[in-house]
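Sharing a structure, written as structure tokens. Questions coming.
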Amino acid sequence: MSVKKQKSPGSRRNKSLFSKPQLYLQCSVIIRQESSQYSSWCPELDIASCGSTIEETRQNLHDAISSYLQTYAELGELSQLLKERGLKLVKAEEPPSPIFLSGTRIDVPFSANSKDISLVSA
């Protein structure tokens, strides 16, 4: 009589969790200081958040994006969202593509009598 060796429940692995490579979405994150707070924005998904520190702001935006994507995944519409936004998933071993950000000031033409433009004092 042979005895089948049983694996403990903790040693069982769901193959579907480990057979697919981990995929990521690369997004731009823009963080600006506004008074004593920081605001963050992901232009690809048009999602924004804020926080007291740069790291807190980045984490809050990450959480907001994750929740947003999770909701679309649960609705079965994540692929459609990514396609509409022109986004693609990348594998972990793919290096992120570089993102360049620059700030500049642009002259705004207006007459000295114009009352429709309010100036922001620094």
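The values are calculated or read from the model by the stated rules, or taken from the named source; none is laboratory data. Only a predicted model underlies this, so the values are computations on that prediction, with no experimental measurement involved. Glycine gets a Cβ as well: all are built from the backbone with ideal geometry, and neighbour counts include every protein chain shown.
If we keep just the residues of the stretch 31-42 that are part of a strand (DSSP E or B) and among the small types (Gly, Ala, Ser), which is surrounded by the most Cβ atoms within 10 Å (Cβ to Cβ)?
By that ranking, first place goes to Ser40.
Also, I was wondering about something else. Sort out which residues of the stretch 71-100 are β-branched (Val, Ile, Thr) and within 16 Å of Ser28 (Cβ to Cβ), and write them in order of number.
Across the stretch 71-100, the qualifying residues are Val90, Ile99.
Check Ser49 against each of (1) surrounded by 10 or more Cβ atoms within 10 Å (Cβ to Cβ); (2) at pLDDT 95 or above; (3) under 15 Å from Gln26 (Cα atoms) and name the one condition it does not meet.
(3)
Rundown of residues vs (1) among the hydrophobic types (A, V, I, L, M, F, W, C); (2) assigned to a loop (DSSP other than H, G, I, E, B); (3) at positive phi; (4) at pLDDT below 95, yes/no style:
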| site | (1), (2), (3), (4) |
| --- | --- |
| Glu44 | no, yes, no, yes |
| Leu61 | yes, no, no, no |
| Leu82 | yes, no, no, yes |
| Leu101 | yes, yes, no, yes |
| Phe110 | yes, yes, no, yes |
| Leu119 | yes, yes, no, yes |
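Would you please name the residue that is surrounded by the fewest Cβ atoms within 10 Å (Cβ to Cβ), looking only at residues in the stretch 52-95 that are hydrophobic (A, V, I, L, M, F, W, C) and farther than 29 Å from Glu34 by Cβ? Write out each step before concluding.
Here is the first cut: in the stretch 52-95, the ones hydrophobic (A, V, I, L, M, F, W, C) are 54, 61, 64-65, 69, 73, 75, 78, 81-82, 87, 89-90, 92.
Pick out the ones that are also farther than 29 Å from Glu34 by Cβ and you get 73, 75, 78, 82, 89-90, 92.
On the way: Ala73: 12, Leu75: 10, Leu78: 17, Leu82: 17, Leu89: 14, Val90: 14, Ala92: 8.
Selected residue: Ala92.
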